[in-house]
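First up is the structure itself, then whatever we jot down about it.
Only the coordinates and a few stated rules stand behind these numbers; no lab work does. Since the model is a prediction, treat every value here as computed from it, not as a measurement. When we count neighbours, we look across all protein chains shown, and the Cβ atoms used for this are built from the backbone with ideal geometry, even at glycine.
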Amino acid sequence: MIKTALIQNNITASKAENLSHVKDMISDAVRQGARFVVLPECFQQEYAVKKFADNAEELSKPGMSPTFDMLQASSKGITLVGGSFIERGPDSQLFNTSCTFEDGQLLGVHRKVHLFDVDIPGGIRFKESSVLAPGKEATVVNSELLGMKIGVGVCFDVRFANYAEHLRSSGAKALVYPGAFNLTTGPAHWTLLARARALDNQAYTMLCSPARSPTAAYQAYGHTIAVDPYGVVIGELDDKEGVLMFDMDPAYVDKVRAMIPLEEKRRVW
């Protein structure tokens with residue numbers, strides 16, 4: 001069994017305070033036995049397009065990313081999917097980037113492929129592509145500590161079934177999506193998408209959100225959720241700060257896939 005912790009943290013206007021607080025939450029989860037820890041999308045800053053550039057960090061220059069440094073230091077002895085943060089990449093392009101670490105080493109970098117561009121009358125209008133560039137690659141990391149492969153996406157990536165299918169066909173037994181759905185799409189789609197991706201791919205599926213902040217311009221839905229390979233919800237938080245702890249069993253993935261052999265029946269149309 002793999003003790004897993006999904007962290008749903010409050011976010012303030014201070015990046016330094018957020019990083020310090022999340023570092024403490026990771027440490028607390030590890031003290032409770034967590035070997036696999038997941039953080040939310042933009043866990044260390046307010047989710048606002050107009051603030052992305054000011055909060056961007058460079059990964060290519062040592063010491064230029066306090067978020068990277070905190071995540072790396074916090075991953076000693078565990079596997080950590082470090083939510084996401086805004087990266088300033090080549091040619092000053094901005095990406096919504098998720099870094100996965102294991103025992104102090106970088107395992108993989110995922111840049112959000114499907115950017116969040118929506119316009120829902122009476123609901124929400126948001127356009128990440130006005131500031132961010134899309135990533136171009138799917139991300140699967142091989143965790144030696146956990147003895148399994150993990151597929152990584154960020155938020156809007158979860159809406160694309162073919163992306164998740166690619167992660168599964170690349171060997172992933174768990175699908176992890178740091179995300180920050182809103183109060184319009186969250187109630188309607190969040191749990192449905194988590195269960196659909198889990199059921200379609202017979203993989204543990206985790207959607208990890210920030211807590212809701214009533215004073216923030218962007219209201220995150222919260223409701224961090226974990227679903228097992230049979231499509232059953234293991235646990236779900238409300239919209240307040242908290243940690244969802246559960247046991248993940250890679251052998252159960254194999255059992256479910258043997259009971260209902262979707263992969264050998266799958267056809268490409």
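In this structure the amide hydrogen of Val113, modeled in the peptide plane, comes within under 5 Å of the amide hydrogens of Gly135, Val154, none closer than 5 places in sequence on its chain. Beta bridges from DSSP with both residues in the range 2-265: antiparallel share about 70 percent, rounded to the nearest 5. Shape index of the range 179-220: Rg/Rh, with Rg the Cα radius of gyration and Rh the Kirkwood radius from the inverse mean 1/r over Cα pairs, equals 1.06. Which pairs break 30 Å Cα to Cα here: Lys136/Lys255; Lys136/Lys173; Lys76/Lys112? Correct reply: Lys136/Lys255. For the pair the range 134-182 and the range 58-102, the centres of their Cα atoms are 17 angstrom apart. Packing here is the average count of other Cβ atoms within 10 Å per residue, and on that basis the peptides 208-216, 182-190, highest first, run 208-216, 182-190. Amide H contacts of Met248 (H built 1.01 Å from N, in plane; Pro and chain starts excluded): Ile2, Lys3, Thr4 sit under 5 Å, all sequence-distant by 5 or more or on other chains. Within the chain, the proportion of C-alpha pairs whose separation exceeds 33 Å stands at 13%. Set the Förster distance to 30 Å, then compute FRET efficiency between Ser60 and Ser129 from the Cβ-Cβ distance, nearest 0.05. My answer for the efficiency is 0.85. Mean sequence separation of contacting Cα pairs (under 8 Å, at least six apart), scaled by the length of the chain, corresponds to a relative contact order of 19 percent.
Taking label points 7 Å from Cα along the Cα-to-Cβ direction, Val233 and Gln32 give a separation of 1.9 nm. Using only side-chain charges placed at the Cβ, +1 for Lys and Arg and -1 for Asp and Glu, the dipole size of the range 2-265 relative to its Cα centre rounds to 160 debye. Helical content alone sets the calculated 222 nm signal of the chain at -8000 deg cm²/dmol, taking -39,500 (n - 2.57) per DSSP H segment of four or more residues and averaging over every residue. Residues whose amide H lies under 5 Å from that of Gly89, counting only those 5 or more places away or on a different chain, are Leu94, Phe95; hydrogens are built 1.01 Å from N in the peptide plane.
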